[in-house]
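Only one structure is covered here, and it is reproduced in the block below.
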Amino acid sequence: MDIALLGGTGDIGEGLALRFAADTAHDVIVGSRDASKAAASATAYTETLASIGVDRTVVGMENTAAAARAEIAVLAVPPYHVGDTVESVADALDPGDIVISPATGMKRDEDGVHYHQPSAGSVTQIAAGAAPDGVPVVGAFHSLAAGRLADLDAELGIDTLVVGDDESAKRTVAELAEEIDGLRALDAGGLANATEIEGLTPLMINIASNTEGVGDLGVRFR
């Protein structure tokens with residue numbers, strides 16, 4: 001299976017690209033609006049993998065080309081670009097492809113970071129509203145710390161909450177997530193529940209910011 005990380009040149013894209021390439025047998029494609037930027041990041045990720053003895057090649061291409069090649073498209077873009085990104089690659093998505101949204105809307109003030117809920121209810125629901133018919137959207141990977149993902153020496157031992165209205169797509173994403181060593185996927189219900197899940201991310205950032213010696217937090221439910 002081919003996995004495209006649209007906007008995969010950023011922090012969360014890097015972390016997921018490295019983990020998918022290191023821990024799974026799936027082909028990993030880095031997408032960007034700029035094909036040369038995607039290629040440069042893909043080369044850097046390939047070199048990072050080689051430095052720890054992982055012989056995998058990550059490729060880079062423009063977002064639309066990446067989406068056309070892949071069966072799974074991860075929206076590794078800021079929340080305010082989610083809808084536009086889905087719309088820009090819509091013609092490249094085939095029925096049965098799956099879009100994954102890990103983005104969370106946030107705003108910062110003097111008290112810390114807060115969830116910025118969009119009018120659609122959640123960023124995941126924005127993605128779902130923009131996706132073409134026959135292409136389910138699943139919310140996952142919201143509360144994963146990018147730095148922890150990108151550090152391939154770091155053990156994860158954490159959970160990701162998965163939401164979606166298409167049960168088959170949700171199972172596929174959960175199985176994919178659990179191929180990453182140390183990551184457990186938990187079913188959190190339908191897309192309407194994405195609001196509560198996305199709200200975890202600013203909470204975790206605030207804990208890390210206000211607790212000495214705590215960083216790159218993850219959640220494990222027991």
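The values are calculated or read from the model by the stated rules, or taken from the named source; none is laboratory data. Bear in mind that the values here come from a model prediction, so they are computed numbers and not experimental data. As a convention, Cβ positions derive from the backbone with ideal geometry for all residues, glycine included, and neighbour counts pool all protein chains shown.
Restricted to region 140-206, the set of helices (runs of 4 or more DSSP H) holding at least 2 residues that are touching a residue at least 60 places away in the same chain (Cβ under 8 Å) and surrounded by fewer than 21 Cβ atoms within 10 Å (Cβ to Cβ) comprises 146-150. Based on this model, can you work out whether PRO95 counts as of a type outside the set (A, V, I, L, M, F, W, C), part of a loop (DSSP other than H, G, I, E, B), within 20 Å of GLU196 (Cα to Cα) and touching a Gly at 6+ places or on another chain (Cβ under 8 Å)? Judged against the criteria, PRO95 is not a match.
Residues considered: VAL58, VAL99, VAL77, VAL86. Of these, the only one that is touching a Phe, Trp or Tyr at 6+ places or on another chain (Cβ under 6 Å) and at pLDDT 95 or above is VAL58. When region 207-219 is limited to residues that are farther than 15 Å from PHE141 by Cβ and within 22 Å of the chain's Cα centre (by Cα), the one that is surrounded by the most Cβ atoms within 10 Å (Cβ to Cβ) turns out to be ALA208. Within region 71-84, being closer than 11 Å to ALA131 by Cβ and crowded, with 22+ Cβ neighbours inside 10 Å holds for ALA73, LEU75, VAL82.
MET1 falls short on exactly one of the conditions (1) under 21 Å from ALA154 (Cβ atoms); (2) at pLDDT below 95, and that condition is (1).
When we screen ARG33, ARG19 for residues that are of a type in the set (D, E, K, R) and more than 22 Å from LEU93 (Cα to Cα), the only hit is ARG19. Screening the candidates ALA17, ALA73, ALA4, ALA103 for the property of being in contact (Cβ under 8 Å) with a residue 12 or more places away in the chain, within 12 Å of the chain's Cα centre (by Cα) and assigned to a loop (DSSP other than H, G, I, E, B) yields one hit, ALA103.
Counting the residues of region 50-70 that are surrounded by 15 or more Cβ atoms within 10 Å (Cβ to Cβ) and touching a residue at least 60 places away in the same chain (Cβ under 8 Å) gives 4. Note on region 118-128: among residues that are out of contact with any Leu (no Cβ under 9 Å at 6 or more places or on another chain) and surrounded by 14 or more Cβ atoms within 10 Å (Cβ to Cβ), the one that is farthest from VAL77 (Cα to Cα) is ALA120.
For GLN117, the conditions (1) in contact (Cβ under 8 Å) with a residue 60 or more places away in the chain; (2) within 12 Å of GLY7 (Cα to Cα); (3) over 18 Å from the mean Cα position of the chain (by Cα) all hold with the exception of (2).
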